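The values are calculated or read from the model by the stated rules, or taken from the named source; none is laboratory data. Computed from a predicted structure; not experimentally measured. Don't worry about glycine lacking a Cβ; one is built from the backbone with ideal geometry, like all the others, and counts go over all protein chains shown. Quick note on the areas: whole protein, heavy atoms, side chains included, nothing else; ligands and nucleic acids left out. Shrake-Rupley method; radii C 1.70, N 1.55, O 1.52, S 1.80 Å.
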Amino acid sequence: MTDRYAVIGHPIGHSKSPLIHAMFARASGQDMAYTAIEAPLDGFADTVHAFRASGGRGVNVTLPFKLQACEMATEPTARARLAGAANCLKFEEGGRTLADNFDGVGLVNDIQRNLACPIAGKRVLLLGAGGATRGALQPIAAERPALLAVANRTPEKAHQLRHDFAAHAPLQTGGYETLLGQSFDVVINATSTGLSQDRLPLPEGLFAPGALAYEMVYGKGLTPFLKQAQAAGVARVADGVGMLVEQAAEAFLWWRGMRPDTGPALTTLTVPLV
Ligand code: ATR
């Protein structure tokens with residue numbers, strides 16, 4: 001029988017996940033179907049229960065339900081608990097609901113494998129202190145950067161992350177003004193400015209020679225952050241399409257027990273950054 005999976009969010013029309021998983025399933029000969037479901041804002045848990053009752057085996061979860069997904073799981077992984085959010089659920093016998101968060105590992109795999117930029121020994125900066133940063137911190141720290149810093153418009157939120165992650169990732173935290181005089185090899189925009197088109201107050205000299213500027217948002221072309229990086233002389237710029245494909249590959253591995261080749265999906269979904 002065809003195994004059923006879905007991505008649940010609100011809105012969900014834009015999701016590329018059905019396309020990505022269809023490509024993975026076809027290439028690996030897996031008998032599975034993957035659809036997109038829009039849950040009402042006050043009906044995430046009901047939507048998950050209904051999908052499960054109809055034979056669903058697992059779901060991806062996207063905005064704004066990642067926190068609820070972690071909360072409703074009977075067995076969230078340590079990294080999902082640390083992130084306070086899950087983007088993937090797996091339904092097991094006996095009513096068990098496993099939860100994991102593959103966003104951070106997807107980001108790390110994209111940076112290291114697809115963009116050929118090893119994190120070990122590098123100075124890494126995350127801009128923003130919301131859920132996107134929270135999911136990325138532990139997987140980045142596990143690669144042993146020389147420095148892991150978080151800058152945020154509201155510095156208290158960055159300081160809170162330093163406190164919450166103290167046992168997992170020693171963090172330098174502060175407002176944007178504290179970045180003055182420092183430079184970084186990898187700068188990741190995890191704020192929502194990729195969608196709002198706001199400019200970030202990035203000080204001069206922020207990007208080290210040969211730096212990578214990474215925008216977590218995908219499909220928006222050159223966002224203000226990427227334009228700022230280019231104006232500062234950065235030649236290596238990327239958006240989050242690879243993160244999206246790589247987190248999907250981790251979910252597929254978790255559900256199906258096999259790692260798909262991400263190359264064809266990356267080629268299909270990559271839009272030139274102009
Ligand atoms: P997500 O879950 O996608 O990370 P979020 O939790 O709402 O979304 O976090 C959004 C992040 O973008 C926050 O770090 C926010 O900064 P504040 O904590 O100061 O609100 C950041 N952000 C949004 N708009 C911004 C802007 N115009 N300039 C700087 N930072 C901005």
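Values for this structure:
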quantity: Highest-fluctuation residue, Pro224, Pro76, Pro209 considered, GNM on the chain with Cα pairs under 10 Å; calculated: Pro209
quantity: In order through segment 190-201: 3J(HN,Hα) via Karplus (6.51 cos²θ - 1.76 cosθ + 1.60), integer Hz, x for Gly, Pro; calculated: 10, 7, 8, 6, x, 9, 8, 6, 6, 8, 8, x
quantity: Whole-Hz couplings from phi, Karplus 6.51/-1.76/1.60, listed for segment 233-243; x for Gly and Pro; calculated: x, 6, 9, 9, 10, 8, 9, x, 5, x, 4
quantity: Convex hull volume per residue in cubic angstrom - Cα atoms of the chain; calculated: 123 Å³
quantity: Estimated vicinal HN-Hα couplings, Hz - segment 81-86 in sequence order (Karplus 6.51, -1.76, 1.60; Gly, Pro = x); calculated: 4, 5, 6, x, 7, 10
quantity: Cα-based reach from Lys157 at 23 Å (exclusive), listing lysines while leaving out same-chain residues under 8 positions away; calculated: Lys66
quantity: Over segment 32-96: Kirkwood hydrodynamic radius from C-alpha pairwise inverse distances, Å; calculated: 12.2 Å
quantity: Extended-chain gain in nm, criterion 0.36 nm per residue less alpha-carbon gap, Thr2 and Leu200; calculated: 66.6 nm
quantity: Student exercise, segment 10-138 dipole from Lys, Arg, Asp, Glu Cβ charges, in Debye to nearest 20; calculated: 540 debye
quantity: Value of D in µm² per second that Stokes-Einstein yields for segment 104-239, Kirkwood Rh from Cα pairs, at 10 °C (1.306 mPa s); calculated: 109 µm²/s
quantity: Cross-link reach list, aspartates and glutamates versus Lys122, counting only Cα pairs under 12 Å and skipping chain neighbours closer than eight places; calculated: Glu143, Asp185
quantity: CD proxy at 222 nm, helix term only [per DSSP H run n ≥ 4: -39500 (n - 2.57); per residue of the chain; nearest 500]; calculated: -10000 deg cm²/dmol
quantity: Thr154/Ala116 FRET efficiency (R0 41 Å; Cβ-Cβ; nearest 0.05); calculated: 0.75
quantity: Residues with amide H under 5 Å from that of Phe207, placed H, sequence gap 5 or more; calculated: Phe184
quantity: Principal-axis tilt of helix 44-53 within the chain, Cα atoms, nearest 10 degrees; calculated: 40 degrees
quantity: Accessible area in square angstrom per residue, segment 104-239, 1.4 angstrom probe; calculated: 44 Å²
quantity: Förster radius 30 Å - calculated FRET efficiency between Arg26 and Glu93, Cβ distance, rounded to 0.05; calculated: 0.60
